Amino acid sequence: AYPGVVVEPQELSVHKQQALIARGDLDIGFQTLSEDQKTDDQYIALGTEELFLAVPSGHPLAVQTAGEGEPFASIDLSLFRYEPFVLMYRESTVRSLVDELFNQAGFAPHILFETANNSTIVYMVQSRQSCGIIPYHYIRNCPEGVTCFALSTHPTWQIVASYRKHSYLSDAAKEFIRLAGEYWGK
């Protein structure tokens, strides 16, 4: 639709995107964050995504999962207080949400290690090394060897497009954001 426009994708943390947007060095950022993590930039909501508990399928509590084709069974995170967890690294936007979930559950998790990749968390759960808390995108088809639970509080974060406040958004940029919103189900 816009053959003269060049898209240069960059894989950056939300915090780096926010800094580049504020300086005018990045036109649009696609981010996942909570309301309190937003800056003074403009945000366009594209969708919301729930966070889920992923445990090895051999875990004794895995039998409490919902049947195939049913919604995810809900479980209390405090039941997993003695289990090891692999979590996203501390600076990630999801980590503050995850830390608050453990705080609400009344315990500090035993963290096996931290990662920058949700796929690594899924792999560690599949390998029966740990449990993890991950966004729906990574468990929507519940990977083999992983049992997925909704958390009793049903935590969510926002999927947004962000751009600099008071900046011009071209028609091409608006279309790109519209397509991203279509992808995320808005």
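The values are calculated or read from the model by the stated rules, or taken from the named source; none is laboratory data. No experiment lies behind these values; they were computed from the predicted model shown. Don't worry about glycine lacking a Cβ; one is built from the backbone with ideal geometry, like all the others, and counts go over all protein chains shown. These accessible areas exclude ligands, DNA and RNA; they are computed on the full protein's heavy atoms, side chains included. Shrake-Rupley method; radii C 1.70, N 1.55, O 1.52, S 1.80 Å.
A few notes on this one:
- Helix 93-105 and the long axis of the chain differ in direction by around 30°, with both axes built from C-alpha atoms.
- Its relative contact order, with pairs defined as Cα atoms under 8 Å and 6+ residues apart, puts the chain at 39 percent.
- Across TYR136, TYR82, TYR89, the residue with the most accessible area heads the list, and the full order at a 1.4 Å probe is TYR82, TYR136, TYR89.
- Whichever aspartates and glutamates have a C-alpha closer than 18 Å to that of LYS16, once near sequence neighbours (fewer than 8 apart) are set aside: GLU8, ASP25, ASP27, GLU35, ASP36, ASP40, ASP41, GLU91
- Residues TRP184, TRP157 ordered from highest to lowest accessible area at a 1.4 Å probe: TRP184, TRP157.
- Sparse packing (at most 13 other Cβ atoms within 10 Å of the Cβ) combined with a DSSP loop state is found for the following GluC sites (Glu not before Pro) in the stretch 82-114: GLU91.
- Computed over protein heavy atoms with a 1.4 Å probe, the accessible surface of the stretch 13-59 works out to 46 Å² per residue.
- For the stretch 75-186, the share of accessible area belonging to carbon and sulfur comes to 49 percent (1.4 Å probe, ligands and nucleic acids excluded).
- Over 28 Å [Cα-Cα, the chain], rounded percent: 32
- Length released on extending from VAL63 to ASN141, taking residue separation times 0.36 nm less the Cα-Cα span: 26.3 nm
- Residues of the stretch 114-139 with an amide N closer than 11 Å to a point placed 7 Å from the Cα of ARG95 along the Cα-to-Cβ direction: 114-117.
- Between LEU179 and VAL6, the FRET efficiency from the beta-carbon distance, with R0 = 22 Å, is close to 0.85.
- Among the GluC sites (Glu not before Pro) in the stretch 1-69, those placed in a DSSP loop whose Cβ has at most 15 other Cβ atoms within 10 Å are GLU11, GLU68.
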